Structure formats: structure tokens, C-alpha cells
Amino acid sequence: MMNKTHWNDLPQGVREAAREHVGNVTAAQTISAGWNSAVTLAADTEAGRLFIKGIRLDSTGQVAMLRREIAINPHVAHLSPELRFHVETDSWLIAGFDFIEGRRADYSPCSPDIPRVLEAIDVLTATPCPDITLKYADQLYSSQGDIDLMRRVSGDNLVHTDLTPANVLMTPNRVYLLDWARPTRGTSWLDAVSITHFLITCGHSPKDAEAISSQMRAWKNLGPGDLDAMVHNGSATRSTWGLKHFDGDPWTNSSLEAARRWWDYRRAHQEQINHSAKTRS
Ligand SMILES: Nc1ncnc2c1ncn2[C@@H]1O[C@H](COP(=O)(O)OP(=O)(O)O)[C@@H](O)[C@H]1O
Ligand SMILES: [Mg+2]
């Protein structure tokens, strides 16, 4: 967990700039969740309760992510908390979103959240890709030099690319997709495939996870070999960064193990298909 900066520790200029948008902040409480932002807090303001995220401008990678989150927000307001203000001053970029009184999604077997999350992904699949600067899905995979995979993941759909349970908040009436730090232009099934991986991470068998995911619209757009290529890639790359960077983190370790389990399942499935083809001929 990263060290967080509290509201009162921000430069006065930053707090004053925020006040111009939302009035006085009567209470602010740091939230320890999340990996990327130095500031994550709940703030009671004259404009209502807000979730405020902030990054120091010298953290260039994270600043780029928060800028993307700000730029995409009006295009995904039907799926995400609305952005109320953003300011950039005194070495900080700060953004305030509606605070959602919700809870983290549960992706474990039999969770009633799952059909609602899948429905939200269907809504995302039907959302036009805005004409703003986005990442390209093939760039995400380019460092591995797998041209075949780069071709498969390319496309013109808007995808979120990071729909872990921590980035989905549930309320009785709505499902909110948070943390649009890596919105991407790519093929429609990218989120559907990564959600399947997270379902396995959260305890589903690969077979059950695929059956659940097949209900999503985008799943039907998977072409021959796409799923095997993605699952194979997931098991290979996850083993590498899992061991290098996140050793000891329980989510990453489960996610790594799930990626391997999924690939074992698909390989066995492929062998079965090949075997029955041979015995038929
Ligand atoms: N609008 C919001 N309302 C309430 N809680 C939020 C909101 N946005 C994020 N959170 C909580 O804060 C956590 C971190 O926020 P997130 O946007 O995912 O930042 P990070 O990039 O650090 O992961 C989320 O997992 C969620 O629990
Ligand atoms: Mg997050």
C-alpha cells in the first residue's frame, strides 16, 4: 500500500483551487485503498460528498493516467462516478468525483453481483469509442513482440482493461466501473476475457468462468484461436511480472495461479478436440 498524502498536507494553493469549485471542505478522510494515487480521500464539501484523487505532477506515469481518467469521464458518465472538478496547481493534479456509497464487487462463485457486472460490461461494449487520445490495445502487447496477438487485440471499441473487483463498486441500484486510468481502443472482447480471468482468480473453475462469460455480448465476437492466444499470453506474462514485481501480494499471486490454471484447462480442452478429430477421421 502506498503512503498517502492527507488533505491538510496538500499545499494551500491546491486546497484553495478546489474550494473555488466545490466550496468549503468540512471534513476529509484519507482512504487507504488503491495503488496509484498519492491522494485518495472522501471529502465533505458544499457541493456534496466527493472522492478526491490526486497525484504529484512529477509522477509522470500516474499523472498521465489521471489525465486519461479526466478526459474519458464525460463519455462514460453512464458507467462511472461523475467528475465534479479537476485542478492543476502547485505541483499537484487533483480530481473530485461523486462519492459512491457502495461496496466492492464480489466475483466469487454464486455471487449475485456477477450478472449485474456482466450487464455493465454489455453497456460498455455498446458505448461508442470517443474520439480522444486513448491507448491502443496492440501497444499494450507490443513489448512482447507477438505480432499475431497484436493483430487479434486491435479494434475500434472502447475497453476499460482493469475491471478487477476493486475497480467495481456496487450499490443497490447501480454498478459503477471506476479507475479509468487505462481506457483503450481495441477489440470488443478484451474486458470480457479479462473478467473471465478474474472470475477464475476469485474461485470459479475455468469451465464455469467461461460459461458465465459466454453470456456477454462481446464474448460472441471472439474469433477462432483468439481465446487460446489470450490465455496462453496471460499465463506466460503473468508468471514473469508476478514473480518479478509483486511477490507476496495475495491478489497477484491468486491471479497468477488462475492464469496458469486457465491455460492448463484450455490446453487439455484443445487436446481433447484434437483427439476426437483424429478418432473420427
Ligand atoms: N467515486 C468513488 N466513490 C467511493 N469510493 C471510491 C470512488 N472511486 C474510488 N473509490 C475507492 O477507492 C479505491 C481506489 O480508487 P481507484 O480509482 O481505483 O484508484 P487507484 O488508481 O489508486 O486504484 C477504489 O478501489 C474504491 O474502493
Ligand atoms: Mg483501482
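Only the coordinates and a few stated rules stand behind these numbers; no lab work does. Keep in mind that what you see is a predicted model, and the values were worked out from it rather than measured. FYI the Cβ positions are ideal-geometry reconstructions off the backbone, even for glycines, and counts take in every protein chain you see.
Can you compute log10 of I(q)/I(0) for region 7-98 with the Debye formula, treating each Cα as one identical point scatterer, at q = 0.17, 0.22, 0.24 Å⁻¹? Debye intensities relative to I(0), on a log10 scale: -0.67, -1.17, -1.39. Counting Lys and Arg as +1 and Asp and Glu as -1 over every other residue whose Cβ lies under 13 Å from the Cβ of Thr40, the net charge comes to 0. Using the Kirkwood formula on the Cα atoms of region 162-205, what hydrodynamic radius do you get, in angstrom to one decimal? Computed over region 162-205, the radius equals 11.7 Å. If you take the Cα centroid of region 254-277 and the Cα centroid of region 1-37, the two points sit 46 Å apart. For the chain, the longest principal axis of the alpha carbon atoms and the long axis of helix 250-280 meet at an angle near 20°. Please get the size of the charge dipole for the chain, origin at its Cα centre, with Cβ charges of +1 on Lys and Arg and -1 on Asp and Glu, quoted in debye to the nearest 20. That gives the chain a dipole magnitude of about 640 debye.
Placing +1 on each Lys and Arg Cβ and -1 on each Asp and Glu Cβ, with no other charges, gives region 7-98 a dipole about its Cα centre of roughly 200 debye. For region 33-40, 3J(HN,Hα) computed residue by residue from phi via the Karplus equation (6.51, -1.76, 1.60; θ = phi - 60°) reads 6, x, 10, 9, 10, 5, 10, 9 Hz, glycine and proline entered as x. With a simple spin-label model that places each label point 7 Å from the Cα along the Cα-to-Cβ direction, the separation between Ser154 and Glu119 comes to 3.7 nm. To test your reading of the geometry: what angle, between 0 and 90 degrees and rounded to tens, separates the Cα axis of helix 226-245 from the longest principal axis of the chain? Approximately 50 degrees, to the nearest ten. Using bins of 10 Å that start at zero, the share of Cα-Cα pairs per bin across region 27-175 amounts to 10, 33, 37, 18, 3, 0, in whole %. Multiplying the residue separation of Glu46 and Ile100 by 0.36 nm and removing their Cα-Cα distance gives an extension gain of 17.8 nm.
The fraction of all Cα pairs in region 103-277 landing in successive 5 Å bins from 0 to the largest distance is 1, 8, 16, 21, 22, 18, 9, 3, 1, 0, given as whole percents. Relative protection proxy for 85-93, 21-29, from highest mean packing down: 85-93, 21-29 (other beta-carbon atoms within 10 angstrom).
Of all the options Ser255, Ser80, Ser142, the one that moves most in a Gaussian network model of the chain with Cα springs shorter than 10 angstrom is Ser142.
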